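S.K.: The structure's right below; bear with me while I get my questions together.
Rule-based calculations on the coordinates, nothing more; no lab input. A quick note: this is a predicted structure, and the numbers were derived from the prediction, not measured. Reconstructed Cβ throughout: ideal geometry from the backbone, glycine too, with neighbour counts over all protein chains shown.
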Amino acid sequence: MRAADPSPPPPAIRKAGPAAAGRPARGTTAILVIACTAQFMVILDVSIVNVALPAIHAELCLSTAGQQWIVNAYTLAFAGLLLLGGRAADLVGTRRAFLTGVTAFTLASLVGGFAPGGPLLIAARAVQGVGGAVLAPATLTLIMRTFTEPAARTRAMGAWSAVMAAGGAVGGVIGGVLTEYAGWRWVLFVNVPIGAGLLAAALVCVPSAPTAPAGLRRLDLPGAMTVTAGLTALVHGTIATETHGWGAPHVWGSFVTGTLLLAAFVAIESRVAHPLVPLAVLRRRTLATANLLVLGMGAAAFSMWFLLSLYFQQVLGRSAIGAGLSFLPGSLAIVVGAQVSTRLIARTGPRPLIVTGMTISTAGFVWLSRIGEAGGGSGAGSGAGYASAVLAPFVLATLGAGLSLVPVTAAATTGTAPAEAGLASGLVNSSRQIGGALGLAALTTLAAHTTAARASGDTATDLAAGYGRALLIASAFTACAALGALALPGRRSNAKAETT
């Protein structure tokens, strides 16, 4: 029998293990900063254009549906291809996926900033979404593979989640400042120097990761195409109800097409040799439950940021920068909530934090829906409407979201094998974006219908009523998430899963 080779492994092999014997390897801080910065940039672009929409509308003469598609083109491409992006990180390597995503995202931002009209801008936003779909799962996969010790991974995921929350929250602030002082095109141009810096840093600091064997290195393009097309059809049908009504053939045709395409996606996944989403994965109780929770949380959160950005400008009469600054208290509340949950999750487990966070958010949304009763209000532009109807409930809604963000991500990735890290991160990111796209389409359409039905002659009051009704329905999503979190396993079960 051949004796074991006593010589130490070569440097490349020693370096491949990021955390030997519980000690973090050199460069882990740099990798965490790179991953968090990339995730910040991706999530920032979900919300940064919201405040700029009135300025974009004024220059490019877009309809209300066109304004929604500036948001939804990004969100849909992002959501529909996140699963493919997650598998790409597993199959072709995290480093290659990261670099590809950053490059596509940066170039699309540059093109979108120079867009002379709505069609090219919407197309550039869609390509941004494609780049983000490859990049976002790579950031979480990079963290999961770099930080293998549970406590270190929890801290890293807490930082990643807080930065992600901050990206969505401060997007309105940054978008307002850029729109006010530099023009709306800079909400896209701002990504170019960030992307260039990430490319340079990743080339130096991010190590090459093992890829799947050549026989398994296949991406499920039919699955990605059907799920993306199906979601696009559903959102398109929801948006079309604003002009055609729910009973129109155009609307129902979109719904039927979307349903059939999603059914085809399930059929494809059950038959192909290397599916985008192995259906057996969805039978895991914790993973499936966490993704359902994220779906509802995303629907409520995305709609809130979008509706409030319009409320601040169209009802309270604030400028773009004033609307952005109005988001600051909520932005801080999300970060505080994420940090608190990071410190508590090791003692409590995810379930109680999600239940508590979503209950707080539900109370905030219900209270926030009273902006419909407050209406425009005389002197609302001076700040009276904001202080009396928005500030406190907005902080409650965002604090609860921050408390839930870290634990729901932890629940979705607990017990995940290294080979499935990209899939798990792609699923949780995809659920958040899918929920956001569908929720945004449904609730903005509901708000428009409510506003049109009132037609009282007071535009500000009618708009406020529509936004208030939509926010009340959003509270149902967070309430369902609070109840659904009770189905998650307790702390002992999660601890056992973490060690297996």
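S.K.: For the stretch 202-208, take each phi angle, set θ = phi - 60°, evaluate the Karplus expression 6.51 cos²θ - 1.76 cosθ + 1.60, and give the result in whole Hz per residue in order, putting x for glycine and proline.
M.R.: Computed from phi, the couplings for the stretch 202-208 are 5, 4, 8, 9, 8, x, 6 Hz.
S.K.: Please state the shape class of the stretch 243-283: rounded when a/c is under 1.5, otherwise prolate if a/b exceeds b/c and oblate if not, all from the C-alpha gyration tensor.
M.R.: Values: a/c = 5.06, a/b = 3.31, b/c = 1.53.
Prolate.
S.K.: Applying 1/(1 + (r/R0)^6) with R0 = 22 Å to the Cβ-Cβ distance of ALA280 and LEU221, what FRET efficiency is obtained, to the nearest 0.05? Numbers along the way, then the final one.
M.R.: Values: r = 21 Å, r/R0 = 0.95.
Taking R0 as 22 Å, the efficiency between ALA280 and LEU221 is 0.55.
S.K.: With only Lys, Arg, Asp and Glu charged, each at its Cβ (+1 for the first two, -1 for the last two), find how big the charge dipole of the stretch 28-184 is about the Cα centre; round to the nearest 20 debye. Write down the numbers at each step before the final one.
M.R.: Numbers: 7 positive and 5 negative charges, 98 e Å.
Computed about the Cα centre, the dipole is about 480 debye.
S.K.: Follow-up. Label SER388 and TYR181 with points 7 Å out from Cα along Cα→Cβ: what is the distance between them in nm?
M.R.: Placing both labels 7 Å beyond Cα along the Cβ direction yields 3.3 nm.
S.K.: Along the three principal axes, how long is the stretch 220-275 when you take its alpha carbons, biggest first, rounded to the nearest angstrom?
M.R.: 43, 13, 9
S.K.: A further question follows. Let me see the P(r) profile for the stretch 41-150: every Cα-Cα distance counted, bins of 5 Å, each bin given as a percent of all pairs.
M.R.: Once binned at 5 Å, the Cα pair distances of the stretch 41-150 give 2, 14, 21, 22, 15, 10, 7, 5, 2, 1, 0.
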